[in-house]
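Only one structure is covered here, and it is reproduced in the block below.
The values are calculated or read from the model by the stated rules, or taken from the named source; none is laboratory data. All figures in this text were calculated on a predicted structure; none of them were measured in a lab. Because the Cβ atoms are built from the backbone with ideal geometry, glycine has one as well, and the counts that use them run over all protein chains shown. Keep in mind that these areas ignore ligands, DNA and RNA; they rest on the heavy atoms of the full protein, side chains included. Shrake-Rupley method; radii C 1.70, N 1.55, O 1.52, S 1.80 Å.
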Amino acid sequence: MTERYDPQIIERKWQKKWEEQKCFEAEASHDKPKFFGLIEFPYPSGQGLHVGHPRPFTAMDVISRKRRMQGYNVLFPIGYDAFGLPTENYAIKTGIHPAKVTHDNIQRFREQLKRLGYSFDYSREVNTTDPAYYKWTQWIFLKFYEKGLAYKAEIPINFCTSCKVGLANEEVVDGVCERCGGKVIRMIRSQWMLKITEYAQRLIDDLDKVQYLDKIKTQQINWIGRSEGAEVNFQIAGTDDKLLIYTTRADTMFGATYMVVSPEHPVIEKYRDRILNMDEVSDYQKQAALKSDFERGELAKEKTGVEVKGLRAVNPVTKKEIPIWISDYVLMGYGTGAIMAVPAHDTRDYEFAKKFDLPIVEVVAGGDIEKEAFTDCDHGKMINSGFLNGLEVKDAIAAIIDYLEKEGIGKRKINYKLRDWVFSRQRYWGEPIPLVHCDQCGWVPIPEDELPLTLPMLDDFTPTDDGSSCLARAKDWLQTTCPKCGRPAVREADTMPNWAGSSWYFLRYCDAHNNKAFADPEELKYWLPIDWYNGGMEHTTLHLLYSRFWHKFLYDCGLVPTEEPYMKRTSHGMVLGANGEKMSKSRGNVVNPDDYINEFGADAFRMYIMFMGAFDQPIPWNEQGTRGCRKFLDRVWRLQEMISDSEKSSAKIYSSLHGCIKKVSEDIERMKFNTAIAAMMSFVNDVYAEGTLSKEDLHTFLQLLNPFAPHIAEEMNEQLGFEQLHHSSWPEYDEKALIEEQVEYGIQINGKIRARISLPAGISKEEIEKAVLSSEEIVKQVQGRTVRKVIVVKNIVNIVVS
RNA sequence: GCCGCUGUGGUGAAACUGGCAGACACAAGGGACUUAAAAUCCCUCGAUAGAAAUAUCAUAUGGGUUCGAUUCCCAUCGGCGGCACCA
């Protein structure tokens, strides 16, 4: 009689063994084919791991464990993305240094991860806040600077007028400071920018070279937002100045009845003396400054705006004078900050024109502009448009741009919605930007041998009154000398955003302890590209795009061997709280895995997290689920009592096992972990029905179970007397075992199942048709009706009768 | 608002390329074992009608394409993610 299944003992035993034997460290040799599996490294928050973390981790652990058994040299690393706001805010509140908080949090995370039995290579762990790591983050930033891709620009930040702190967008709730409820304004600051827009086209084009889920590609393409259109100059009446606009619908120019400029547009300042209602205009500018771009873009909001009296523009095709308005639905950050408004054919312009009673001129026939804007550009012909009349929209666009170019009024232009990356944060807990400012020499990079530029130890992390980070108060650190001319100079007090460290961490995994380079080129050549990167959909447009951008830049510098970092990208659905809402401390629905591991074991927890639902869909946590999977593992454990003395299992069990091998092997590749587990459950149910199976077949089953529940699988396998599972080869299925002798056909009459008939396998369609039509059941059902058609597909026979 | 995803029993879901809707579980109910409980094992389990065989209805809602639609198309309604300083 075998002992009772006790996961607490078994799991500790195997975790210890794996660590001692260094089972999951990637092999230094480059002889074998490699597999680099990547998960998004966690942010070590103060609450520790919650049940959402293990979902992607377990999935990639399953895949990595399978790859090892398939003979690959596997790199499955782990690290911590540890710079960031929550830790800093915690430090401000408690006075405990963020480095200490980070250290403790990481310690806790690591322990929790180890308890879950992940096959991470802990020897290559990275931590973005470690100076030995961020030395290279700074080094890469200097490369950007060197190549002219890092530059300074005047960009607004959110500033709480009461705390005197720069705020992240997330900290601004309904226009006020999340912490104190104080008024938030937009304050202009000079900030470091990275020119990601220079890579916009390549970031779209090279998606063809990788296997990302289509929805991820689509999301990135839409985010980059390439559009083909034209830039057109509108003369400002009575001046030599022109207002430049960008439009994708140049065909509608004859319908442009007014113009709108963004509240920040420089033309306002320039002509303030000519503007008759400047008081009204500046009031509006002030109001607009309080809103975020997001609020301003919201269509749901009532349109607002003010006519700029005294300033008028000339429509270059109708030659008519038209009014100029300012409104916050036009953003300075996209296009040119000015638009021509064509209310008949643009929804926002239409709404605006209706509200302020501006003229609406229909120029594309086909809609009902009394009711709404007609924006369809695939149907409809031009009207009221001079030489464009009668043309289709597509042709009209080409014709008018040709005309504009010929007349020198405008030109073709490709535009991107993507904006350059604001790279400065007025914060302490980030990588210092390794530049100094010298009155003589301007911005000067610090010499490479002075990297890393480490964060000074402070005890007060609160920002300064003007919104600068607390580094601005660290005078000793701030004051330095210019590396170029030796005169006194000042360091940059802003730090890098959290995204910096996560934009290249996967490269460091290839050679985590190198202190001469961010990684050895030979290691990069072997390990790159990452074979499979799984992460959340929420990272699609920021982290994923930023890291592709950094990688392409490093490729251009000759520092990495591949154009793209990730060959394959998949994503998981979020684990929600039991109430169906996103897990968060403030909602009080955060679930910690520890309780479940203590009660049911890590294997049961891993099984459940993979079984609970479709991997790519969000799913609420269910308290009962882990118990159910524990029940399954108990059943698996008792298979030991069913081992037969004979060498072979019954034909039925053999066939069931090989069906299971096929299903599990294929489903892991498709990330259909839930159905892979269902297949294993079915196999175990079959064995229980049969009452017995061979030792060899149980071993094979344990190989399948091993990626999901590695501790129990190794333990049972050891008791059977086989070598450790992670050294064994992934089983192949026997095709012959899957062939059935009889096939059951579903017989439909006019598309509805009316009968089931079992026929021998491998007979022709004609024979099937004959057999079905002559069967007693069908003869009865079809009686008195005419058979029009018989369709035989797979194991369906549809008889169409009338 | 814009972009992407999504909607199937009491619950989580499955159905791979348009081909037998509800696999596999959870919960619930009934039974066996037990002094009893836990554990375990067996049975029932979409709705309506029926003793049953069976019939009708059913994959958010309304249309469409098709021999056949959970799957494709159009519209409507609800949920989730992202919207550039949360990570």
Amide H contacts of A:Tyr258 (H built 1.01 Å from N, under 5 Å, at least 5 apart or other chain)
A:Ala341
Mean projected area (nm²) from the convex hull of Cα positions in region A:413-534 is 12.3
May I ask what percent, to the nearest 5, of DSSP beta bridges between residues of chain A are antiparallel?
70
Find which of A:Val62, A:Val260, A:Trp637 sits farthest along the positive direction of the dipole of chain A, computed with +1 on the beta-carbon of Lys and Arg, -1 on that of Asp and Glu, about the Cα centre.
A:Val260
Contour minus end-to-end for A:Glu767 and A:Glu448, with contour as 0.36 nm per residue of separation and end-to-end as the Cα-Cα distance?
106.9 nm
List the relative contact order of chain A as a percent without decimals, with contacts defined as Cα pairs under 8 Å and 6+ residues apart.
14
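Size of the dipole of region A:204-316 about the Cα centre, Lys and Arg at +1 and Asp and Glu at -1 on the beta carbon, nothing else charged, in debye to 20?
The calculated dipole for region A:204-316 is roughly 140 debye.
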Integer Hz, Karplus 6.51/-1.76/1.60 couplings in order for region A:196-207, x for Gly and Pro:
5, 4, 5, 9, 3, 5, 5, 5, 7, 4, 6, 4
Using a probe of 1.4 angstrom, how much of the accessible area of chain A is carbon and sulfur, in percent?
49
Setting aside same-chain residues fewer than 8 positions from A:Lys32, which lysines have a Cα under 26 Å from its Cα?
A:Lys17, A:Lys22, A:Lys66, A:Lys209, A:Lys525, A:Lys568, A:Lys662
So, in Å, what gap is there between the alpha-carbon centers of region A:319-336 and region A:476-542?
41
Where labels lie 7 Å past Cα in the beta-carbon direction, separation of A:Lys17 and A:Asp208 in nm
5.1
Nearest 20 debye, what's the magnitude of the dipole of region A:152-239 about its Cα centre given +1 on Lys and Arg Cβ and -1 on Asp and Glu Cβ?
360
With the 1.4 Å probe rolled over protein heavy atoms, region A:186-299 has an accessible area per residue in Å² of 47
Enumerate the amide H contacts of A:Val74 below 5 Å, restricted to partners 5 or more residues apart or on another chain; note that Pro and chain-start residues carry no placed amide H.
A:Glu27, A:Phe35
HN-Hα couplings for region A:427-436 via Karplus (6.51, -1.76, 1.60; θ = phi - 60°), in whole Hz with x for Gly/Pro, come out as 9, 8, 7, x, 6, x, 7, x, 10, 10
Any idea which of A:Thr128, A:Ile414, A:Phe518 is furthest toward the positive side of the dipole for chain A, if Lys and Arg beta-carbons carry +1 and Asp and Glu beta-carbons -1?
A:Ile414
Is there a quick way to get the dipole size of chain A? I mean about its Cα centre, with the Cβ of Lys and Arg at +1 and of Asp and Glu at -1; what is the value in debye to the nearest 20?
700
As straight-line cross-link partners of A:Lys406, the qualifying lysines (C-alpha separation under 25 Å, not fewer than 8 residues apart within one chain) are A:Lys242, A:Lys319, A:Lys320, A:Lys381, A:Lys394
Given the -39500 (n - 2.57) contribution per DSSP H run of 4+ residues, what per-residue ellipticity at 222 nm results for chain A, rounded to the nearest 500 deg cm²/dmol?
-10500 deg cm²/dmol
Charge dipole of region A:517-571 built from unit charges on the beta carbon (Lys, Arg +1; Asp, Glu -1), centred at mean Cα; most positive-end Cα among A:Leu528, A:Leu559, A:Ser571 is A:Ser571
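Where does each of A:106-112, A:242-248, A:755-761 land if you order them by average Cβ count within 10 Å, highest first?
The most tightly packed comes first, giving A:242-248, A:106-112, A:755-761.
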A correct Karplus calculation of ³J(HN,Hα) over region A:496-506, with 6.51 cos²θ - 1.76 cosθ + 1.60, θ = phi - 60°, whole Hz and x for Gly and Pro, returns 7, x, 3, 5, 4, x, 8, 7, 8, 4, 4
